[in-house]
1. List I23, I114 from most exposed to least, where exposure is judged by having the fewest other Cβ atoms within 10 Å.
2. Arranged by the count of other C-beta atoms within 10 angstrom, fewest first, what order do V61, V36 take?
3. Order these by the 10 Å Cβ neighbour count, fewest first: V48, V28.
Amino acid sequence: MRKILSGQSRNKGVTLITLIIAITIFAVFITVFSYVMIAKHGSEALYVQSTQAYAVAQAGVEYGIRYATDNNFSAINSLGAVDLGDGSFTLEYTTPSAGTLTSTGTVGNAERQIILQRFRLLVMGQAITLDPDEDPHTP
């Protein structure tokens, strides 16, 4: 009994080994956490640029609708890149029979695209819709 109370048993190094294992596990968790935080911080800028590029592409759709309405679809193909804040958008209009307007928004390295189908029918009718399966003439 004296050996146990005085610490002279056969299990002297168990506490030291347990402490070393606990410190190692804690160090691994800290390292992984640091790596995840650094990776998240680096990817946030691309997420913000992607969201801004989508907004710029949406502005391109609205610009294209207004331009087509004001100019009766003439010269919509000749529109180049339009600068808007930190980004820009380009419009691409296919033949009037297909009526597809493609707006591509670019901000930094991010690029987002919105495709509006049946574009001529949507603008010539009294309703504007972004759903290509919806008939704009039905109330």
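1. Working: I23 10, I114 19.
The order, fewest Cβ neighbours first, is I23, I114.
2. Values: V61 21, V36 10.
In order of increasing Cβ crowding within 10 Å: V36, V61.
3. Working: V48 13, V28 10.
Ranked by crowding around the Cβ, least crowded first: V28, V48.
Where a number appears in this text, it was derived from the coordinates with a stated rule and is not lab data. As the structure is a computational prediction, the values presented were derived from the model and not from experiment. Cβ coordinates were reconstructed from backbone atoms using ideal geometry, including for glycine residues, and neighbour counts include every protein chain displayed.
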